Amino acid sequence: MPEPSCKTPRTPAWFSWFIGRLGYGLLTAWVISLVVFIATQALPSDPARVILGPDAPLESILTLQKQLGLDRPILEQYLRWLGHALSGELGVSLDSNAPVGSILFGRFGYTLALLAGVIAVVVPAALLLGVSLALRRDSRLDRWSLSLLIFLKATPGFLLAIGLVLLFSMPHIDVLPAVSILDPDKSLLRQLQFLVLPVLALSLSALPYLTRMVRASMIEALESDYVVAARLRGIPEWRIVWRHTLPNALIPAIQGVALTLRTLIGGALLAEVIFSYPGIGTSLNSAIQMRDLPMVQAIVLVITLGVVLINLFADLLTVLLTPKLRTARRVTMIRRNRRGIQPWWRRSPSKAP
Amino acid sequence: MSEGFSRRTFLGNGLAVGGGLILGSSLLSGCDSGAAVSGAAALSSTPVQGGRLRVGIIDGDQSGNLDAHKPVGGGIIRGWALYSKFWEWNTDVSTRLALAEFAEPNADASAWIIRIKPGLEFHHGKSIGADDMLFSILRLTDPKLASPFAGLVGAIDRNALRKLDERTIEIRFKEGQSFYPLDETLISFGGIVPTDYDPISNPVGAGPYKLKSFIPGQRSLYQRFENYYKPGQPYADELEIIEFKDQVSRAAALRAGQIDVASGVQAEHSALLKADSRLKLYASPSTSFTGFNLNLAKAPFQDQRVRQAFRLLADRRELVDRGLNGFGRIANDLYSPHDPTYNHSIAQRPYDLEQARSLLRQAGQDDLRVELTTTPGPGVNAALVFAQQAKKAGVEIKVTQVDGSVFNGPQRENWLMSPGSTPARGFLASALHNDAPQAIYNRSNFHDERFTSLYRQALAQPDLAQRKVLVHEAQSIQHERGGLLIWGFNDVLDAASVRVGGLAPEQTTFASWRFDEMWVNHA
Amino acid sequence: MNDSRRLRWQPWLAEPQTRKGTLITLAVVMLALLGPLLAPHSPTAMVGSVYGAPVGAAWLGYDFLGHDVLSRLLSGGLSVLWMSVAAASIALLTGSTLGLLAGFSRRRLDQLITWLADVSLAFPDLILVLLIVSMLGRAPWLIVLTVSIAFTPGVIRLARGSAVAVAGQEFVEAAQMMGYSRRRILFKEILPNILTPLLVHFGNMLTWGVGMLSGLSFLGYGVAPPTADWGLMINENQAGLLVQPWAVLAPAILIGIFAYGTNILAEGIGRSSSRIGEKQP
């Protein structure tokens, strides 16, 4: 893969680009963690009061505030938190008194399973639908499907989820559980039925974007010169579609999947709440309501890192799959390509015509 | 026991009474649904051993804990499985002995002697002794633990606790004061735990079930405790408490058979659940009150006429119908109607818009604007209904929702008007939650010299007849110039699969938490 | 490239999707505007039984307190609409200003703005809004501001990206060679040409805005009762979903229709402009 350099053997340009990109991502995650920490600590409510409830006497509250370290300066609290977080110690939930790490571990797995399920449904479905719609471009099927997709895209995802709950809690349609209360003692594979509805709800709202993206890039690829050339050379159509066009049309879809995943994390929160699915979305929602600051901070950190990693991975994949970028000699070539065209007033005057 | 304790010995096994609940006549209005719903089928069948009983609870957004003395969220319900106390509740909200075989105050209620039954054990096999009893009370009242429920037994003098012998302790109170309602205040959160207790690493007690696993915010699993103090009980081999965030998903789970019992069902779902032949609905006509606190420390409620006007303009019937969905009974601005000391001779306050208007006019408050502060949730409904009713008397009420943490924050006794509710308790204990001189907090800021003196005398009076006189007068003061607008008592609804037995409506709020009484026909 | 200025309503309306979208959107807006006048009852009047089923006098039944659902539905459209329009507009204005500023300023400032946008994009927007609203409270203007903050980074990226792309095209270079000032190039050549993508994005933001606002309401962070509001109706009648679904479904359907309308409007504009683009030499 790395292109042999003419003079000295060195690491390929994409690698140093990747390292830079990684640092950038981590910096982003750090800034978000700082902002979120300060913002949540500045919440106009008192976690000690939340924990102890209405009948707590004032002394109890002051004691607890001291126990929680809430009386220290905010930067000191942050540094302490960051130090603990870096060593994998995410603190103790104010609400349940259990270590945040152990609560989140299982829930994070459930959310990952949910997202994986959605991706496993959406990506093949979007590819299949996108390609077949592109091949039947402007036919009646194409137009109807597009309208349907726009409708799905426009409908807020949680309304779809509520509709599904309503439908499946009707007396005679209860073939699938409308509520996803997972049994932690059983492996997830044995209770896949609980995943069906949440995955379906999320897939329905994620499908339109990807399908249309695949369709658009397929149409573009099918009209490109090399496909025309291939047709002229008499290569069979199916081969053109599946071997030559699709791989090229897939590259923008990688970024599309990354974007979908990011919006899915937000959508998953609502879907998890609606289906009572025990993922990190439900715990974030309740942690916010309960002012359970260590939980909020830990979940936000995990989500941010997740998004950063997803973006990083998508960018890396894009670079590696695009021959021109993969073999680029200089980092700037990759960066420029990913950032758009250099504006006119920045070009050196000699280049101007 | 002195003769004043007749209410304590009133009931045998409360659950056997079942559908034939004995209710005070004042409670009967509007609770026909309760009697109609409670079927007799489950009561006739005998308990079935074994199986797993799955109970769905609403935990809101709180994930809760297992602490016996500082329970949070569903921790209160889980405590019913894990811990036993000196007393337990009868179905009519009186108390009976549980772990204790003897518990009585002296003549002026300045000291209590409590002796537990012999041969009792904790889940981990350690036998229960006086040290454990002392440890439990000390832990509950420990300022370091900061339990919000310590205030209820705040009268206990921690330094004067004494061990009399291996099974007996003596409790005295601060500054030698008297404290008669110890049973009602210590019962709720006074779970007896061993001296090596730890709510996280060693959550053991002497309750009907011992813990197998606990996942905060999701579920907890328990195993039958073989040496439970009630022989033969509990019935199921395993108990599982599953937490739900909202009522809709839990109702769906109950109908789908994912849980056996739904504890505390929303009134909105009653029709739906009643229509389902696989389910049964139990309506417990509790004497938990719901109402509003009118803050006497602030204008305009300093004026007794304004308070009376507000109490007159409340259409209690409509508040029950809309705010409680019809599952409740109207109230007369007084709490604890089940208490034998309750003053039934005070006439029900009518709905009288005319008089309310004229009182407001007299007070010079024709065009009154008031802010009603509430937390999000069910309290909002009643507040909105009341705001609508107040409009008819020319009073503009603005309903403001604040976060629970703000509502109960430092401002908590400063809200001009706020909803108030207390679970069913006797008069003395309810007052400790509301307007007693030493109330844990007094949102209405009601301080009345005569009332204070009457209340203090009642605390020191174990004799029922003599206490009755004191309470009667105290209640007429509350009715005449108090700061509570108590418009209703709410029913507590529970729903269960028809396979579940041992569940029956009662006057308390926790019919479905009696895990030692319920069984499941698992065959 | 002067026909950029003629590129206004006509070509857009020629696209059937635009017409359909305009019609649907306008219908919902009219309903929201005129609804309060048509409502048979006051939205806060308790006229029926709690969760009463639909009858002749109340086509959609009654809600959690016995309000007439139809009356609340007719009175409750305005807040969702103005809030989503306001949020999208604020995001459009600040976002495109910042985006253009980034695209046409020194590299440092450009990098800073782009980086800030990237940072906030690394964060799921619903969660961002949830955090801010739960912190600062549920005043309508605050919610609007928060939602617009969540939308701004996307606009910045789009504005910067398309401005930079347009700037590289021949007609801009031609204008530059003719010696026009930078301001003239910016306002006369570049802005009109990035207007279409921005408008398409505006339509999309309306769709997301309605979804996000109603989602917030659903989670309990929306307009405060007793105000009638579609999002709030979903939240407050959730408990009755299985008993009286219309109290939830009716506002949900209207929200869905409005989102659908704005979305195909955006699609239509995007499509017609791409068609115009094709015609361009």
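Every number in this text was worked out from the coordinates using simple rules, so none of it is lab data. Being a predicted model, the structure only gives us computed values, none of them experimental. Note that each Cβ is placed from the backbone with ideal geometry, even for glycine, and that neighbours are counted across all protein chains shown.
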Could you check, for the range C:111-127, whether at least one of its residues is within 30 Å of B:Val406 (Cα to Cα), touching a residue at least 60 places away in the same chain (Cβ under 8 Å) and more than 10 Å from chain A (Cβ to nearest Cβ)? no
Among the numbered criteria (1) over 20 Å from B:Pro419 (Cβ atoms); (2) surrounded by fewer than 24 Cβ atoms within 10 Å (Cβ to Cβ), which single criterion is violated by B:Ala511? (2)
If the requirement is being in a strand (DSSP E or B) and out of contact with any helix residue (DSSP H, G or I) (no Cβ under 7 Å at 6 or more places or on another chain), which of these qualifies: B:Ser288, B:Ser284, B:Ser270? B:Ser288
Does the range B:481-492 include one or more residues that are touching a residue at least 12 places away in the same chain (Cβ under 8 Å), basic (Lys, Arg) and in contact with a Ser or Thr (Cβ under 8 Å, 6 or more places away or on another chain)? no
Taking the criterion of being away from chain A (no Cβ under 14 Å) and not acidic (Asp, Glu), would at least one residue in the range B:213-222 satisfy it? no
Looking at the range B:92-135, which of the residues that are acidic (Asp, Glu) and over 27 Å from the mean Cα position of the chain (by Cα) is surrounded by the most Cβ atoms within 10 Å (Cβ to Cβ)? B:Glu121
In the range B:401-419, how many residues are among the small types (Gly, Ala, Ser) and either part of a loop (DSSP other than H, G, I, E, B) or surrounded by 23 or more Cβ atoms within 10 Å (Cβ to Cβ) (or both)? 2
Report whether or not A:Ser180 is among the small types (Gly, Ala, Ser) and over 24 Å from B:Val248 (Cα atoms). no
Apart from one, (1) buried (at least 16 other Cβ atoms within 10 Å of the Cβ); (2) more than 28 Å from B:His269 (Cα to Cα) all hold for C:Ala58; the odd one out is (2)
Checked the range A:238-292 for anything over 20 Å from the mean Cα position of the chain (by Cα) and either surrounded by fewer than 19 Cβ atoms within 10 Å (Cβ to Cβ) or more than 11 Å from chain B (Cβ to nearest Cβ) (or both); matches are A:Trp238, A:Arg239, A:Ile240, A:Val241, A:Trp242, A:Arg243, A:His244, A:Thr245, A:Leu246, A:Pro247, A:Asn248, A:Ala249
Could you give every pair whose Cβ atoms fall below 6 Å, whose first residue belongs to the range C:253-264 and is within 9 Å of another protein chain (Cβ to nearest Cβ), and whose second residue is outside any helix (DSSP H, G or I), counting only separations of at least 6 or pairs across chains? C:Gly256/A:Thr155
For the range B:133-168 the number of residues that are in a loop (DSSP other than H, G, I, E, B) and away from chain A (no Cβ under 13 Å) is 5
Going residue by residue through the range B:448-455, is there one that turns out to be more than 27 Å from B:Pro105 (Cα to Cα), away from chain A (no Cβ under 12 Å) and in contact with a helix residue (DSSP H, G or I) (Cβ under 8 Å, 6 or more places away or on another chain)? yes
So for the range C:108-126 (the condition being buried (at least 24 other Cβ atoms within 10 Å of the Cβ), among the hydrophobic types (A, V, I, L, M, F, W, C) and outside any strand (DSSP E or B)), does at least one residue qualify? yes
In the range B:379-388, which residues are surrounded by 20 or more Cβ atoms within 10 Å (Cβ to Cβ) and either away from chain A (no Cβ under 14 Å) or farther than 28 Å from A:Ile61 by Cβ (or both)? B:Val380, B:Asn381, B:Ala382, B:Ala383, B:Leu384, B:Val385, B:Phe386, B:Gln388
Would you confirm whether or not the range A:225-232 contains a residue that is small (Gly, Ala, Ser), on the phi < 0 side of the Ramachandran plot and within 14 Å of chain C (Cβ to nearest Cβ)? no
Within the range A:293-305, restricting to residues that are within 14 Å of chain B (Cβ to nearest Cβ) and closer than 17 Å to C:Leu219 by Cβ, the one that is farthest from the chain's Cα centre (by Cα) is A:Met295
Could you tell me which residue of the range B:420-447 is surrounded by the fewest Cβ atoms within 10 Å (Cβ to Cβ), considering only residues that are of a type in the set (Ser, Thr, Tyr) and either more than 13 Å from chain A (Cβ to nearest Cβ) or out of contact with any strand residue (DSSP E or B) (no Cβ under 7 Å at 6 or more places or on another chain) (or both)? B:Tyr441
Does the range A:97-141 hold any residues that are without any contact (Cβ under 8 Å) to a residue 24 or more places away in the chain and outside any helix (DSSP H, G or I), and which are they? A:Asn97, A:Ala98, A:Pro99, A:Arg136, A:Asp138, A:Ser139
Of the residues in the range B:251-270, how many are of a type in the set (A, V, I, L, M), within 14 Å of chain A (Cβ to nearest Cβ) and over 10 Å from B:Gly56 (Cβ atoms)? 2
For A:Glu223, work out the one condition from (1) surrounded by 12 or more Cβ atoms within 10 Å (Cβ to Cβ); (2) more than 19 Å from A:Ala125 (Cβ to Cβ) it doesn't fulfil. (1)
Filter the helices (runs of 4 or more DSSP H) completely within the range C:170-246 down to those with at least 1 residues that are within 11 Å of chain A (Cβ to nearest Cβ) and under 24 Å from the mean Cα position of the chain (by Cα). C:191-219, C:230-236
Which residues, taken from the range C:144-166, are closer than 20 Å to A:Val296 by Cα and either more than 13 Å from chain A (Cβ to nearest Cβ) or out of contact with any Ser or Thr (no Cβ under 9 Å at 6 or more places or on another chain) (or both)? C:Thr146
